1. Go through the stretch 174-197 and count every residue that is farther than 13 Å from F45 by Cα and either touching a strand residue (DSSP E or B) at 6+ places or on another chain (Cβ under 9 Å) or assigned by TED's automatic domain parsing to the domain that holds R232 (or both).
2. May I ask you to list the residues in the stretch 446-459 that are within 26 Å of the chain's Cα centre (by Cα) and either without any contact (Cβ under 8 Å) to a residue 40 or more places away in the chain or surrounded by fewer than 19 Cβ atoms within 10 Å (Cβ to Cβ) (or both)?
3. Scan the stretch 184-207 for residues that are basic (K, R) and surrounded by 18 or more Cβ atoms within 10 Å (Cβ to Cβ) and jot them down.
4. Go through R257, R210 for me and flag whichever is surrounded by fewer than 17 Cβ atoms within 10 Å (Cβ to Cβ) and free of Cβ contacts under 8 Å to residues at least 40 places away in the same chain.
5. Pick from the stretch 282-300 the residues that are touching a helix residue (DSSP H, G or I) at 6+ places or on another chain (Cβ under 6 Å) and in a loop (DSSP other than H, G, I, E, B): which of them is nearest to A249 (Cα to Cα)?
6. Name every residue in the stretch 172-186 that is part of a helix (DSSP H, G or I), in contact (Cβ under 8 Å) with a residue 60 or more places away in the chain and not hydroxyl-bearing (S, T, Y), in order of residue number.
7. Filter the stretch 424-441 for residues that are out of contact with any Gly (no Cβ under 9 Å at 6 or more places or on another chain), surrounded by fewer than 16 Cβ atoms within 10 Å (Cβ to Cβ) and not acidic (D, E) and give the result.
Amino acid sequence: MRRTRGTAMAVLVLMMLVGGAASAEAAPEGQMTWGIHISLAPTWFDPAETTGIVTPFMVMYALHDAMVKPLPGNPLAPSLAESWTTSADGLAYEFVIRKEARFHNGDPVTAEDVKFSFERYRGAANKAFRERVAAVETPAPNRVRFRLKAPWPDFLTFYSSATGAGWIVPKKYVEKVGDEGFKKLPIGAGPYRFVSFTPGVELVLEAVDRYWRKTPQVKRLVFRTIPDPSTRFAALKRGEIDVSYWMTASLGEELRRTPGLTLKPSLANNSYWVYFVEQWDPKSPWHDRRVRLAANHAIDRQAINQAETLGFSRMTYSMIPSNFEFFWQPPVIAYDRARAKQLLAEAGYPNGLDAGDFTCDAVHVGIAEPVANDLQAAGIRVKLRPLERAAYNKGQVEKTFKNLVLSASAAFGSAPTRLEAFVAGGGAYVYGSYPDIDGLFREQGPELDRKRREAMLHRIQQLVHEKAMFAPIWQLAAMGGFGPRVEESGLGLITGFPFSGPYEDVKLKAN
């Protein structure tokens, strides 16, 4: 009997050793390299400086973590916060921080870190937070309570994904190294830690030993800056990178024909539209709704879709993504060049008009150029003016552009967050607004009755359409691709996110 027990014990010990070996084998391993279409900016390493665009989240989903954030199958998934509650009057939100949440230096994520991260936030919508949040309380080390001055149904959307306010940094470390020191050597609570950054070249990250959601499967992530799409494709073909962002249609076709490569279009939150920034100036031709309607009918959206994204993009006829909460579907805007010319003639421009600059982000020239050609063909003569991204973003924020602007947003959010940024008076990118829209927007803001609020938000979107404030283009299908080493690229896993994510889900094929 003792002999049997001894044998059983030996087998048990052997099983434990084998189990330990199996666990060791399951540790993160290998390297996955991305070819990205823009130069990374150190400001994106700090959630406090998150602008109203999606690009910083390309990095933040790896380095940092949020209280609540979009994850596969859930646009408001609990993350550092394991749960939260909302008071019946809509004036308080209380979050419970999960016990296993830790920063890369080993410190636990606490309520003080959450409060500190919110109070130092200076990015998009920081003014809205200051105006609407009365206090941030820390009743326990693992509990945070936000008290609002008035009901704000969009608080959680703004806090979780439309901004970086809910992405948490370590208070003690930031206070020790300062803001600039933090951007040079950031510490977060995400699945990957910072290793090195070479401006204009690459960012290198490495998997942390423990991450609350799951252990990352890839040991090292490398984000390599390759602005030219043809060069990115060549690097993917040669195996120098594993995943490529932002492929053109012609390269997408070639990618599909290349053995071992996979095209992965992902319908993103990226919506594009032409903004008539001078429509409030009585001296401008764009003040006349007929001219704005003419521009709308002049654009052959389906042809551009086929030429630029192989037909994968979605025609929503709105500047709000169709997957956003409270989206209202406008009527189809028909491509009709004859109608466009007729409208111009009715507005007093029988021979067309010189419409001046049409400004765009140089990254989006593939969309802007065919739009400009369509406008020209209808008699709206524009001069395409592509700007490097930093200059373009600066002009957008400072509202210095004239005539026409190709605007775009891929930010997470909902219909009201997009309307607040681009339509309602005082918005971050708003050149002008209309009293009826502004009145409805103010009215819907604190409304807790969902049906009443939805009706008002739908009416706002209907008015935007009727006034022809914009010429919507499409909701973009981001054209990504990956190579033969990749089992899971992360592209398309998070609804509306044009990049890979979550990074702990990406996976290389077994050798």
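The values are calculated or read from the model by the stated rules, or taken from the named source; none is laboratory data. Remember, predicted model here, so these are calculated numbers, not experimental data. As a convention, Cβ positions derive from the backbone with ideal geometry for all residues, glycine included, and neighbour counts pool all protein chains shown.
1. Adding up the residues that qualify gives 1.
2. Across the stretch 446-459, the qualifying residues are P446, R450, E454, M456, H458, R459.
3. R193
4. Of R257, R210, the one residue that is surrounded by fewer than 17 Cβ atoms within 10 Å (Cβ to Cβ) and free of Cβ contacts under 8 Å to residues at least 40 places away in the same chain is R257.
5. Filtering the stretch 282-300 for residues that are touching a helix residue (DSSP H, G or I) at 6+ places or on another chain (Cβ under 6 Å) and in a loop (DSSP other than H, G, I, E, B), the one nearest to A249 (Cα to Cα) comes out as D300.
6. Once the filter is applied, which keeps residues that are part of a helix (DSSP H, G or I), in contact (Cβ under 8 Å) with a residue 60 or more places away in the chain and not hydroxyl-bearing (S, T, Y), the stretch 172-186 yields K172, D179, F182, K183, K184.
7. If the condition is that a residue be out of contact with any Gly (no Cβ under 9 Å at 6 or more places or on another chain), surrounded by fewer than 16 Cβ atoms within 10 Å (Cβ to Cβ) and not acidic (D, E), then G426, G439 are the ones that fit.
Per-residue answers, yes or no, for (1) in a helix (DSSP H, G or I); (2) touching a strand residue (DSSP E or B) at 6+ places or on another chain (Cβ under 7 Å); (3) touching a residue at least 12 places away in the same chain (Cβ under 8 Å):
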| residue | (1), (2), (3) |
| --- | --- |
| E253 | yes, no, yes |
| W273 | no, yes, yes |
| E278 | no, no, yes |
| P321 | no, yes, yes |
| E325 | no, no, yes |
